[in-house]
1. Take the residues in the range 5-37 that are touching a residue at least 24 places away in the same chain (Cβ under 8 Å), out of contact with any Lys or Arg (no Cβ under 6 Å at 6 or more places or on another chain) and among the hydroxyl-bearing types (Ser, Thr, Tyr), then tell me which one is farthest from residue 134 (Cα to Cα).
2. Which residue out of 55, 70 is under 30 Å from residue 96 (Cα atoms) and of a type in the set (Lys, Arg)?
3. Considering only the range 83-102, state which residues are touching a residue at least 40 places away in the same chain (Cβ under 8 Å), closer than 25 Å to residue 151 by Cα and surrounded by fewer than 21 Cβ atoms within 10 Å (Cβ to Cβ).
4. Give the range 1-15 a look and list any residue that's basic (Lys, Arg) and under 19 Å from residue 79 (Cα atoms), or say none.
5. State which residue pairs qualify: first residue of a type in the set (Gly, Ala, Ser) and inside the range 103-115, second residue surrounded by 12 or more Cβ atoms within 10 Å (Cβ to Cβ) and not in a helix (DSSP H, G or I) in any location, beta carbons under 7 Å apart, and separation of 6 or more residues or different chains.
6. If you go through the range 36-46 one residue at a time, do you hit one that is of a type in the set (A, V, I, L, M), at pLDDT below 95 and under 13 Å from residue 138 (Cβ atoms)?
7. I'm trying to understand the selection: among the residues of the range 68-126, which are in contact with a strand residue (DSSP E or B) (Cβ under 6 Å, 6 or more places away or on another chain) and charged (D, E, K, R)?
Amino acid sequence: MKIMIVRHGKVNMKWPKMCSSEDFDKACAEYDRSDLESINIIPLDEQADRIYVSKLLRSANTARILFPNKKYYEVLEIGEVPLKSFMDTKKRLPLWIWNVLGRLQWYIGSARQLEKRKDTLQRANKAIDLCESEKGDCVLVTHGFFMKTLIAVLKKRGYMLVGNNQLEIKNLQIIWAEK
């Protein structure tokens, strides 16, 4: 069995360089509503039994471009890990601080974040269970931060990975997992 994991295409949105907590939360919401930049890519000819996408527009639109003649199924388990400002303030801070401290809160299980690390691990396990229940090859069109957790869980469950880049997962990057 093989699982092809694809990160969605590049989103057509410009992030602010500096923002208050309100600005950051609005930018995160805008990112989740935004469509893709134009993708100039040859569609993939995968013989997967199932193609799964998240509920976010960028995931479904990536699947539509990469697999134009295939049916895909929306599943909540492969959605991005939601991100929220790490504190309430009107002070404008660099974007990277909002991202790093918000993800740190996710990691330690802070109630400030909408999802905790243990919840993300649980979703990753459910996504793998779903693929394994199909008893055939699957494609997951998902999101960068979630992919990092998914990759770690796949490894723990005995999958061999090809195309893994631990430092950065780029748009449209494909990672194969096989067991």
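1. 21
2. Checking each option against the conditions leaves just 55.
3. 84, the sole residue that qualifies.
4. Once the filter is applied, which keeps residues that are basic (Lys, Arg) and under 19 Å from residue 79 (Cα atoms), the range 1-15 yields 7, 10.
5. From residues that are of a type in the set (Gly, Ala, Ser), the pairs are 109/116.
6. No: the range 36-46 contains no residue that is of a type in the set (A, V, I, L, M), at pLDDT below 95 and under 13 Å from residue 138 (Cβ atoms).
7. Within the range 68-126, 70, 74, 92 qualify.
Per-residue answers, yes or no, for (1) surrounded by 13 or more Cβ atoms within 10 Å (Cβ to Cβ); (2) of a type in the set (Val, Ile, Thr); (3) closer than 17 Å to residue 119 by Cα:
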residue	(1), (2), (3)
137	yes, no, no
148	yes, no, yes
168	no, no, no
172	yes, no, no
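The values are calculated or read from the model by the stated rules, or taken from the named source; none is laboratory data. Keep in mind it's a predicted model, so treat the numbers as computed, not measured. So basically every Cβ, Gly included, is an ideal-geometry build from the backbone, and we count neighbours across all protein chains shown.
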